[in-house]
Amino acid sequence: MLNRYPLWKNILVLVVLAIACIYSVPNLYPDDPAVQISGARSAQPVSEADLARAVQAVQAAGIKVKGSSLAGQGSSALLRLNRQDDQLPAQEAVRQALGESFVVALNLAPTTPGWLRALGASPMKLGLDLSGGVHFLLEVDMERAIGTRLSVQESEIKALLRKERIRYRSLPQQDGRIQLGFADGAALEQAQRRVLQDFPEIVPATVERSGQWVLQLAYGEARIREIRDYAIRQNLTTVRNRVNELGVSEPLVQRQGASRIVVELPGVQDTAEAKRILGKTASLEFRLAALTDAPRATTESFGFLDGRRAPVALERNVIISGDQVTDAQAGYDENGRPQVNIRLDGQGGDLINRATRDNVGRSMAVLFIEQKPVTNLVKQQVDGVEKDVPVTTFEEERQIISLATIQSPLGSQFRITGLDGQGESSELALLLRAGGLAAPMYFAEERTIGPSLGAENIRLGLQASLWGFLLVALFITLIYKVFGLLATAALLFNMICLVALMSMLGATLTLPGIAGIVLTMGMAVDANVLIFSRIREELARGLSVQRAIHEGFDRAYSAILDGNLTTLLVGIVLFAMGSGPVKGFAVTLSLGILTSMFTAIVVTRGMVNRLFGGREMKKLWI
């Protein structure tokens, strides 16, 4: 029989629409502004007492707390607030109350009912232009980048001199220069000639000091520019990889100037975790433990990360650094203790093999280097009034995370043990896997991009979408009567399906994306216009009502498919080659084409079949 869906197809259409309604409903529940608290280290929990102190500090600042709770089995805590404007003062109050041992970040807390979350339903993520977000400005320590590279170079130069049997005396670095002492000028000249053969980028200088000839080795300007450029590019890649590991949608990560990186994280994400991961240097240095009779000028003492063992003296010479790590995976050793399995690049493997081959039986340490922020209140004149203004400085913290005896020469693969729990091993592996930093970084600036402009954009976008929907519905109803009403219902279902699909896929809605939604409305109705016009033509040719409806849908299908397919290809190209706003537009345009094809053809035909299918009709009002 013409114009009748089989039962299974009717059920399928209803099931799809029901699922779309369920997964679009979470967008009716706006998120609460919140402040999130987590430990500075992943192994550090947040207790009920810490949460109570935070709540008390926020309330003492005159800010109402909507609710508070521990999350992640005590790994973090969340304070829900009533107003977005309360986030920054609440963050500052909590930070002063808890100190530097906790990371305090801004976040958005979901209000979606539990039964929807149990089904995996969540609202769409909103882009930075709609929801606001967190802005980080990271400063790359260029001097440390040069110093780290110079330290590795110093170890290689000393190994070369030992191989050539040229006697020298180790001296501490001074003003970015390697210093080597020699007993006479002939030995200095021989060492200088041999060093320049293997390391042509080194610029030498000689001085005589206290009866000793000193060879000073430093990088030339060209090499320094190369190291700085490499450091910013390597750190930029590392930050991008870390953001990808965090699963942040539509982030902005780009270089600013000669030594800074801008990171903007829009929408809903764990900003405390992001701040901890992005802020950590995860810079490693591998050094040998110092011999008992080693001169003090050639050694440095460091404590352990766990704080349970006495400090140990290490050689100043660096075997390899963290930027030579190519892969890292968290795991467990034979005793069930956490460890990180490390893989080095070719140069790093050669260096560590050379160092451990000649030092079997000695201990080698893995040094973890981190820039930690320290905030102090400094009295400053603000508008003629002396006030306590928080000023953040950064202190470098170097601690040993592993000290083990070299049992045999190491290669490009080995493991790091002595970590404090599975969380710490997973975090360290993530940081190293995302890419070793060529130089430490610290937060030069952190601010929240307020949602006030985003709220206005959302309001105007919703108004534009609503007016567009109403005008399209009015036009098509006036032209096609009852069929226009059916097309309007299909258009409503199309919007529901599009919102549900974006929510399910975790797509991010941006301001250009709203423009894509409005465009989708016109394209969805365009398909119905083609179908209804075709039905009119078939009726004018003298076909029966049922035959005209059947032929109208069938013959318009190929034109609709061709038109939407070409637009979909354009949307895919825009998404693949565009960035930022262009991608936001391409996402809603492409998904809107898919949903409009379903609603304009399948859903509209299903409703037409239910109203007119199988009936004897002499005339059709269309």
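The values are calculated or read from the model by the stated rules, or taken from the named source; none is laboratory data. Only a predicted model underlies this, so the values are computations on that prediction, with no experimental measurement involved. Here the Cβ is made from the backbone with ideal geometry for all residues, glycine too, and neighbour counts use every protein chain on show. Just so you know, the surface numbers come from the protein's heavy atoms only, side chains and all, with ligands and any DNA or RNA stripped out. Shrake-Rupley method; radii C 1.70, N 1.55, O 1.52, S 1.80 Å.
Select the strands (runs of 3 or more DSSP E) contained entirely in the range 302-346, then report the ones holding at least 1 residues which are surrounded by 16 or more Cβ atoms within 10 Å (Cβ to Cβ) and charged (D, E, K, R).
312-315, 338-344
For the condition farther than 30 Å from ILE63 by Cα and in contact with a strand residue (DSSP E or B) (Cβ under 9 Å, 6 or more places away or on another chain), what is the one hit in GLU143, GLU156, GLU189?
None of the others qualify; the one that does is GLU189.
From GLU245, GLU264, GLU250, grab the single residue that is at pLDDT below 75, over 19 Å from GLY322 (Cα atoms) and either of a type outside the set (A, V, I, L, M, F, W, C) or surrounded by fewer than 18 Cβ atoms within 10 Å (Cβ to Cβ) (or both).
The unique qualifying residue is GLU250.
Residues in the range 138-152: is at least one open to solvent by 20 Å² or more (accessible area, probe 1.4 Å) and more than 30 Å from ARG255 (Cβ to Cβ)?
No, the range 138-152 has no match at all.
Only residues that are in contact with a helix residue (DSSP H, G or I) (Cβ under 8 Å, 6 or more places away or on another chain) and either β-branched (Val, Ile, Thr) or surrounded by fewer than 16 Cβ atoms within 10 Å (Cβ to Cβ) (or both): list them for the range 1-28, please.
Within the range 1-28, LEU2, ARG4, LYS9, ASN10, VAL13, VAL16, ILE19, CYS21, ILE22, VAL25 meet the criteria.
Here are ILE601, ILE549, ILE593, ILE572: which of them is within 26 Å of VAL16 (Cβ to Cβ), part of a helix (DSSP H, G or I), open to solvent by 30 Å² or more (accessible area, probe 1.4 Å) and touching a helix residue (DSSP H, G or I) at 6+ places or on another chain (Cβ under 7 Å)?
Unique residue meeting the criteria: ILE572.
If you go through the range 275-292 one residue at a time, do you hit one that is within 28 Å of THR417 (Cα to Cα), part of a loop (DSSP other than H, G, I, E, B), among the aliphatic types (A, V, I, L, M) and at pLDDT 75 or above?
Yes, because at least one residue in the range 275-292 is within 28 Å of THR417 (Cα to Cα), part of a loop (DSSP other than H, G, I, E, B), among the aliphatic types (A, V, I, L, M) and at pLDDT 75 or above.
What number of residues within the range 359-372 satisfy the criterion of being open to solvent by 60 Å² or more (accessible area, probe 1.4 Å) and either modelled with pLDDT under 85 or among the small types (Gly, Ala, Ser) (or both)?
Selection size over the range 359-372: 1.
What are the residues in the range 153-186 that are open to solvent by 40 Å² or more (accessible area, probe 1.4 Å) and in a helix (DSSP H, G or I), if any?
ARG162, LYS163, ALA186
Limited to the range 390-411, what total is found for residues that are in contact with a Leu (Cβ under 8 Å, 6 or more places away or on another chain) and at pLDDT below 70?
Summing the residues that are in contact with a Leu (Cβ under 8 Å, 6 or more places away or on another chain) and at pLDDT below 70 in the range 390-411 gives 2.
Select from the range 203-228 the residues that are of a type in the set (A, V, I, L, M, F, W, C) and open to solvent by 70 Å² or more (accessible area, probe 1.4 Å) and write down the one among them that is farthest from VAL318 (Cα to Cα).
The residue in question is TRP213.
Only helices (runs of 4 or more DSSP H) wholly contained in the range 5-116 count here; list those with 2 or more residues that are farther than 30 Å from THR604 by Cβ.
48-60, 87-98
Mind checking which pairs have a first residue in the range 174-193 that is on the phi > 0 side of the Ramachandran plot and a second that is aromatic (Phe, Trp, Tyr), Cβ under 8 Å, 6 or more apart or different chains?
Filtered contacts from the range 174-193: GLY176/TYR219.
Mind listing whichever residues of the range 1-26 are more than 20 Å from PRO110 (Cα to Cα) and β-branched (Val, Ile, Thr)?
Scanning the range 1-26 gives ILE11, VAL13, VAL15, VAL16, ILE19.
Suppose we filter the range 100-136 for residues that are at pLDDT 80 or above and open to solvent by 10 Å² or more (accessible area, probe 1.4 Å); how many remain?
Final tally of qualifying residues: 13.
Give ALA71, ALA61 a once-over and let me know the one that is free of Cβ contacts under 8 Å to residues at least 12 places away in the same chain and surrounded by 14 or more Cβ atoms within 10 Å (Cβ to Cβ).
ALA71
Does at least one position in the range 511-521 carry a residue that is in contact with a Gly (Cβ under 8 Å, 6 or more places away or on another chain) and under 29 Å from ASN3 (Cβ atoms)?
There is at least one residue in the range 511-521 that is in contact with a Gly (Cβ under 8 Å, 6 or more places away or on another chain) and under 29 Å from ASN3 (Cβ atoms).
Using the structure shown, decide if PRO200 is surrounded by fewer than 15 Cβ atoms within 10 Å (Cβ to Cβ) and in a loop (DSSP other than H, G, I, E, B).
Yes.
Collect the residues in the range 530-546 that are β-branched (Val, Ile, Thr) and surrounded by fewer than 19 Cβ atoms within 10 Å (Cβ to Cβ), keeping them in residue-number order.
Scanning the range 530-546 gives no hits.
Please indicate, with yes or no, whether at least one residue in the range 498-507 is in a helix (DSSP H, G or I), touching a Gly at 6+ places or on another chain (Cβ under 7 Å) and surrounded by 15 or more Cβ atoms within 10 Å (Cβ to Cβ).
Yes, there is a match, as at least one residue in the range 498-507 is in a helix (DSSP H, G or I), touching a Gly at 6+ places or on another chain (Cβ under 7 Å) and surrounded by 15 or more Cβ atoms within 10 Å (Cβ to Cβ).
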